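Undergrad: Dumping the structure here so I can ask a few things about it.
Please treat every number below as a calculation from the coordinates, not as lab data. Because the structure is a prediction, the values reported are computed rather than measured. With ideal geometry, Cβ positions are generated from the backbone for all residues, glycine too; neighbour counts draw on all protein chains shown.
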Amino acid sequence: MQALAPIKVLYVDGGCRNTTTRVGAYAFVCVEMESVNNIKSPSSSGELLFGYTQRVEDTTNNIMELQAVLEGLVECNRRAVTPTHIVTDSQYVQKGIVEWSPSWIMRGWRTSSGGEVRNKALWKELLKWYKPAVGLIHIRGHQGIFWNEVCDDYCTKSMNSKCNDVRKIQ
């Protein structure tokens, strides 16, 4: 029996503090693992290939969730890495990509009620990089899924720092 090729999974997370400064952050990690069965593992199964985080001022939670996916996909492309799956704890991201965006595009980037799609420029840029063949997996946050927790921890650390530079996750 021939062994299956390892898969590359992009875990993403974003967050924002609801304060007057609206400080947020995003983080992503690309992990190589043996099987799709390991994606929701509470252990550190897989090898960290790369990851980055950044603190952002005057933002929103939804923008940070979108930015995490976009920056992760751009970095994967830069490194010639094709993720087989993206894992997010954001229903906004998951539903936006899978359910809502086809209708937005058909309606000229209008919602079903006729309003302007929020974060339209970011959505458009993200959809340029997203390939439908990539599996998009929604998980509940804070459920002990190792690599999701890593992203969440780095978001928190970035929001707590005073540095807005992109930082490598190690």
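Undergrad: Quickly estimate the mean residue ellipticity at 222 nm for the chain, helices only: each DSSP H run with n ≥ 4 gives -39500 (n - 2.57), and the total goes over all residues, rounded to 500. Before the final figure, lay out the partial values.
TA: Details: 5 runs with 54 residues, N = 170.
My calculation for the chain gives -9500 deg cm²/dmol from helical runs alone.
Undergrad: Further question: Using the alpha-carbon centroid of each, what span in Å lies between region 24-40 and region 55-134?
TA: Answer, in whole Å: 17.
Undergrad: Additional query: Counting other Cβ atoms within 10 Å, keep those with at most 14, restrict to DSSP loop, and tell me which trypsin sites (Lys or Arg not before Pro) in region 14-103 are left. Write down the numbers at each step before the final one.
TA: On the way: sites: 17, 22, 40, 55, 78, 79, 95; in loops: 17, 22, 40, 79.
Of the trypsin sites (Lys or Arg not before Pro), the ones in loops of region 14-103 whose Cβ has at most 14 other Cβ atoms within 10 Å are 79.
Undergrad: Follow-up question, since we're still on this one. On a full-extension model of 0.36 nm per residue, what is the gain between residue 92 and residue 139, subtracting their alpha-carbon distance, rounded to one decimal in nm? Don't skip to the end; give the middle numbers.
TA: Working: separation 47, 0.36 × 47 = 16.92 nm, distance 1.21 nm.
Once the chain is fully extended between residue 92 and residue 139, it gains 15.7 nm.
Undergrad: For the pairs 95/168; 95/157; 95/162; 95/120, flag any whose C-alpha to C-alpha distance is greater than 24 Å.
TA: Working: 95/168 29 Å; 95/157 27 Å; 95/162 32 Å; 95/120 15 Å.
The answer is 95/168; 95/157; 95/162.
Undergrad: If r is the Cβ-Cβ distance from residue 17 to residue 103 and R0 is 30 Å, what FRET efficiency results, to the nearest 0.05? Write down the numbers at each step before the final one.
TA: Numbers: r = 32 Å, r/R0 = 1.06.
Taking R0 as 30 Å, the efficiency between residue 17 and residue 103 is 0.40.
Undergrad: Give me the one-decimal Kirkwood hydrodynamic radius in Å for the chain, with the sum taken over alpha-carbon pairs. Walk me through the numbers on the way to the answer.
TA: Details: mean 1/r = 0.0610 Å⁻¹.
Here the Kirkwood hydrodynamic radius works out to 16.4 Å.
Undergrad: Separate question: Among the DSSP beta bridges whose two residues both lie in the chain, what percent are antiparallel, rounded to the nearest 5?
TA: Numbers: 22 of 30 bridges.
Expressed as a percentage, antiparallel bridges in the chain total about 75.
Undergrad: Test of understanding: extend the Cα→C-beta vector of residue 146 to 7 Å, then name every residue of region 79-111 with backbone N under 19 Å from that spot.
TA: 84-89
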